[in-house]
Amino acid sequence: MNIETTHLRREEIYQRLRAEILSCALAPGANLHEAELAERFAISKSPIRDALMRLEAERLVLVAPRKGYRVAPISVSDARDLFGLRMVLEQAAAPDVAANASEADLKALDRFRSLAAWGSDDFVTYNREFHCAVVELCSNRRIAETGRSVIEQFDRLVVMSISTLAERNTEGLIAEHAAIIDALQARDGRLAARLLQKHIEFGVKRVLKALEQAAVIP
């Protein structure tokens, strides 16, 4: 196996474990054993260890001395912290996107004006990709890359608060997205930032309420 193939394999292991954690296929608090994962992926322990260390840096995996690894539990306090970081990143991105994104890139956001235009009735994926699409248009690549990473971590919160999905007004949320798109396409970054703030604040209330009712750490 050459160096490039080895690198791709390590990246694949990391991405697969990360996806399983974010979807809760690997449940919060679950123990992770290098030997078991190595056997499952038919690979040596080294790529597994590398992946777990990267996931630890993202605070998705915890390491306990002499006890090994486990999936980080979901806590209300960490959810608040994630929302706070997301607010900072998306509000920072909005004025930059409005000022610097190309007309073609801004026009492409029209695909998020409805689930039908998106081509799927999976609201969770649609919602994640809308927010990622906006932040990734930011010319500051650190904001763009960190923004996607943070937004993707909200998948775990959505899964844990799934009982509230039936109560959610998806049409209202999509309308809020459309208003944000309007502001960005009008090159009004200040308005887009305000709309994003209100939009995220609504999410804070909904998700935290659900988590406080679930069996998660305060």
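Residue 48 is checked against (1) within 26 Å of residue 196 (Cα to Cα); (2) modelled with pLDDT of 90 or more and fails just one. What number does that condition carry?
The single condition residue 48 does not satisfy is (1).
Mind checking which residues of segment 39-58 are open to solvent by 50 Å² or more (accessible area, probe 1.4 Å) and more than 17 Å from residue 23 (Cβ to Cβ)?
39, 42, 44, 45, 49, 50, 53, 54, 56, 57 - these are the residues of segment 39-58 that are open to solvent by 50 Å² or more (accessible area, probe 1.4 Å) and more than 17 Å from residue 23 (Cβ to Cβ).
I need the helices (runs of 4 or more DSSP H) fully contained in segment 108-203, keeping only those with at least 2 residues that are under 30 Å from residue 72 (Cβ atoms) and open to solvent by less than 40 Å² (accessible area, probe 1.4 Å).
Result: 123-135, 141-152, 154-160, 170-185.
Whether any residue in segment 22-33 is open to solvent by 60 Å² or more (accessible area, probe 1.4 Å), more than 16 Å from residue 156 (Cα to Cα), of a type outside the set (Gly, Ala, Ser) and modelled with pLDDT under 95 is what I want to check.
Checked segment 22-33: at least one residue is open to solvent by 60 Å² or more (accessible area, probe 1.4 Å), more than 16 Å from residue 156 (Cα to Cα), of a type outside the set (Gly, Ala, Ser) and modelled with pLDDT under 95.
Could you grab the pairs with beta carbons closer than 6 Å, sequence gap of 6+ or different chains, first residue in segment 149-168 and modelled with pLDDT of 75 or more, second one of a type in the set (Val, Ile, Thr)?
156/74; 157/207; 158/124
Of these, 38, 19, which one is farther than 27 Å from residue 154 by Cβ, part of a helix (DSSP H, G or I) and at pLDDT 90 or above?
Answer to the check: 38.
Kindly check whether there is at least one residue in segment 60-76 that is open to solvent by 50 Å² or more (accessible area, probe 1.4 Å) and assigned to a helix (DSSP H, G or I).
No - not one qualifying residue is present in segment 60-76.
The values are calculated or read from the model by the stated rules, or taken from the named source; none is laboratory data. Not measured: the values here are computed from a predicted model. A quick note on method: Cβ atoms are made from the backbone with ideal geometry, for glycine too, and the neighbour counts reach across all protein chains shown. Ligands, DNA and RNA are excluded from the accessible area calculation, which covers all protein heavy atoms including side chains. Shrake-Rupley method; radii C 1.70, N 1.55, O 1.52, S 1.80 Å.
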